[in-house]
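The values are calculated or read from the model by the stated rules, or taken from the named source; none is laboratory data. Note that this is a predicted model, so its numbers are computed, not measured. No Cβ is skipped: glycine too gets one built from the backbone with ideal geometry, and neighbour counts run over all protein chains shown.
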């Protein structure tokens, strides 16, 4: 719950809020870019961070997973049958 003045505001947060420290010259350049591109500084920072870690991101799963892995479509309904004997000696 955040506050705007004395009134509570409610909403759904996506992601996390964090604090970073940047050199003065970087902060000034960020402000200029935001002004020129008519974007928020936060948007520019998020874009830069996404580009910086793109090679380390996991791809979003595609659905349905069963087709890609050639699993039966009723696997969840028949899990006991498919697991019979699994882990046995």
Exercise. So which residues in region 43-70 are at pLDDT 80 or above and loosely packed, with under 10 Cβ neighbours inside 10 Å?
Worked result: 51, 52, 53, 54, 55, 56, 57, 58, 59
Exercise. If you go through region 22-32, how many residues are assigned to a loop (DSSP other than H, G, I, E, B) and under 17 Å from residue 46 (Cβ atoms)?
Worked result: 1
Problem set entry | First in region 57-82 and within 30 Å of residue 47 (Cα to Cα), second anywhere and modelled with pLDDT under 80, Cβ under 7 Å, 6 or more apart | 62/68
Exercise. If we scan region 34-41, do we find a residue that is at pLDDT 95 or above, part of a loop (DSSP other than H, G, I, E, B) and exposed (fewer than 10 other Cβ atoms within 10 Å of the Cβ)?
Worked result: yes
